[in-house]
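Everything below concerns the one structure shown next.
Just so it is clear, none of the values below were taken in a lab; they were calculated from the coordinates. Because the structure is predicted, anything quoted here is derived from the model rather than measured. Neighbour counts run over all protein chains shown; Cβ positions are idealised from the backbone, glycine included.
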Amino acid sequence: MRLHRYFFLLLGFLFFIPSPTQATFSLKGKLIQMVGEILANPAAFFYDFQQDLEATHPLPPGKSLGFQINAFPSFIPFTYGNLSTKIRLHPEGRWTPGLPQFDLIGGYWNMVIAKVAADSSDDVKEANFQGYYGGLVATSSLEPRVRLFWGYKFAQLRADLELNEAVDIVSTPVSSFKSGLRDHFFFAGIEHPTGIDKTWILQLGYGLQNQIISSKVSWMSKHWEFGLNIYPESPLVLHPVVNYHLNF
């Protein structure tokens, strides 16, 4: 499969439809509706996958530096080459009792397949999908096995596509779109360790400018995070998430 064809399939979430049954037509209608919503606001759709890779929970106690890479779904299948970083600015209670832990967070991603498709295909004139975020997380212990965290982040995304000729994606002709997203977010969550290097996290977030609501529940081991992100207003409401992280 040529790279630009693969790129278009990712954009449209195309699935093979085997037979013209009533269920098949219902599925195709849902896909057409979904693609219409995506094309109406591409940046919001692609930002959901940016949120999948964002590391907005605090560093574990005793750790001062952390790195995270999203394995699914941002990197596979969407080829978001990505890296998130966390730096501890202040351990909880060091300067004075009750003062929270403060972590600086940030990350960047770039859709690899979009760049490759633009460079290797005569059909794609421009394809630029990238974004970043940065913020601050404060964390306080409620009891020995429960921590409350809250924070702020600024996020930005660019999603640009320009083709030399229109391509039909689920009965929708697409020739170009230029879209972006900038927003200020507040989020809060609870962290509950259940054993050595085993932690449950529940998190809620809200974007002030675009009224983006998100929630997440995840289970973390020493190096892996398995979560479920929920985006109530997105074409794809549920996002299973797998992240790999290292903390020092």
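Things to note:
- Long hydrophobic helices in the chain: the complete DSSP H runs spanning 15 Å or more by Cα along their own axis with mean Kyte-Doolittle hydropathy of at least 0.0 are 22-40.
- Stretching Phe226 away from Gln209 to a fully extended chain increases their span by 3.2 nm, per 0.36 nm per residue minus the current alpha-carbon distance.
- Only Lys, Arg (+1) and Asp, Glu (-1) charged, at Cβ; the chain dipole about Cα centre in debye: 580 debye
- Segment Ile196..Asn128, full-extension length gain: 20.3 nm, with 0.36 nm per residue of separation and the alpha-carbon distance subtracted.
- Distance histogram for the chain (every C-alpha pair counted, 5 angstrom bins, percent rounded to whole numbers): 1, 6, 13, 17, 18, 14, 11, 8, 6, 4, 2, 1, 0, 0
- Multiplying the residue separation of Leu83 and Val237 by 0.36 nm and removing their Cα-Cα distance gives an extension gain of 53.0 nm.
- Label point distance in nm, Glu162-Leu148, each placed 7 Å from Cα along Cα→Cβ: 5.0 nm
- Rounded to the nearest angstrom and listed largest first, the equivalent-ellipsoid semi-axes of the range 179-226 from its Cα gyration tensor are 28, 11, 7.
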